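Just so you know, all these numbers are worked out from the coordinates, no wet-lab data involved. In this text, all values refer to a predicted model and were calculated from it rather than measured experimentally. Glycine gets a Cβ as well: all are built from the backbone with ideal geometry, and neighbour counts include every protein chain shown.
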Amino acid sequence: MKAILLLPVTVFVLTICACSKREGVEENCDDYYITLQKEKWKEMSDCGAGCSYSLGKGIYRSSVIYFSDAQCINWNTVPKTSGVGVNCSGDSITVANWSEVKNIRSIANCTDQ
């Protein structure tokens, strides 16, 4: 009898936990990757000295991806044509055609320290 009652309670608790973990996942990923990138930027000496490094976010083939970008005055920068991003789980996502990445926005910059 206890086992019969325990099963529905366990399923209920696991469902609540799973739902609460899904809420705000994207914001948590933003915070995680911003913090991670800021740690990398601390080691760089040329931030703001003619160079701008940023953490971008966009949607590629229905998945949110994060990617880094760099632009320096001394470089002849051209728009990205291909590259690599990561999803919220940390899986590398190869972007074959950067024009397919939609809703691109910068979520952090090296000068935000």
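Annotation: amide H-H contacts under 5 Å for S52 (H modelled 1.01 Å from N, sequence separation of 5 or more, or interchain): Q71, C72. Of the peptides 105-112, 88-95, the order by per-residue mean of other Cβ atoms within 10 Å, starting with the highest, comes out as 105-112, 88-95. Label positions at I59 and T111, each projected 7 Å from the Cα along the C-beta direction, are separated by 3.0 nm.
Charges on Cβ only, +1 for Lys and Arg, -1 for Asp and Glu, centred on the Cα centroid of the range 26-112; of V86, I59, N28, which one is farthest towards the dipole's positive end? The residue sitting farthest along the positive end of the dipole is I59.
Ordering of 29-35, 68-74, 52-58 by packing is 52-58, 29-35, 68-74, highest average first (other Cβ atoms within 10 Å, averaged per residue). The residues K38, K102, when put in order of fewest to most other Cβ atoms within 10 Å, stand as K102, K38.
For S68, the amide hydrogen comes within under 5 Å of the amide hydrogens of G56, counting only partners 5 or more places away or on other chains and with H modelled in the peptide plane. Taking the Cα centre of the range 26-112 as origin and assigning +1 to Lys and Arg Cβ atoms and -1 to Asp and Glu Cβ atoms, the resulting dipole is close to 260 debye.
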